[in-house]
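What follows is a single structure, written as structure tokens, with notes after it.
What follows draws every value from the coordinates through simple rules; no lab data is involved. Values in this document were obtained by computation on a predicted structure and should not be read as measured data. As a convention, Cβ positions derive from the backbone with ideal geometry for all residues, glycine included, and neighbour counts pool all protein chains shown.
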Amino acid sequence: MFVPAMAQSLTVTGSAPLQGGGVDQVWAKKVSYADLDLGTTQGATTLLNRIDVAARAVCGEREGYTMNAARAKAFAKCYARTMHYAIKEVDAPQLTQLAAAH
């Protein structure tokens, strides 16, 4: 069963402090799910993984960069908020159930 959606993509946004400190910067990443059937576990899992990758990127996770305690706390807060709102925006029951189980 294909779950129809008005939009077939969403923009994941997050606010992350710059690596050297200073003012937060807002980042955005478009996540498409036009190719997925969100009524299936496979489709929902694929979208959840795409949202996870986007949320990590917009919240400031960088390869080779070790976060200090304050930065790790800010990242965790940004990541949780970003995941929550992205999943809520898609509003697909299978995705919501899958995310709640993680």
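Label separation (A72 vs V53): 2.6 nm, computed from points 7 Å beyond Cα along the C-beta direction.
Remark: region 73-83, residue by residue, has Karplus-estimated 3J(HN,Hα) of 5, 5, 4, 4, 5, 4, 4, 4, 5, 5, 4 Hz, where x stands for each Gly or Pro and the curve is 6.51 cos²θ - 1.76 cosθ + 1.60 at θ = phi - 60°.
Close amide H partners of D37, meaning residues 5 or more places away or on another chain with modelled amide H under 5 Å apart, are G43. Residues whose amide H lies under 5 Å from that of C59, counting only those 5 or more places away or on a different chain, are absent; hydrogens are built 1.01 Å from N in the peptide plane. Neighbour counts of C-beta atoms inside 10 Å place L47, L38 in the sequence L38, L47, starting with the fewest. Cα extents for region 9-101 along the principal axes, largest to smallest and rounded to whole angstrom: 43, 23, 22. Taking other C-beta atoms within 10 angstrom as a stand-in for reagent exposure, D52, D35, D91 fall in the order D35, D91, D52, fewest first.
Note on K30 and E61: the model spin-label points, each 7 Å out from Cα along the C-beta direction, lie 2.3 nm apart. By other beta-carbon atoms within 10 Å, ranking Y65, Y85, Y79, Y33 with the fewest at the front produces Y65, Y85, Y79, Y33.
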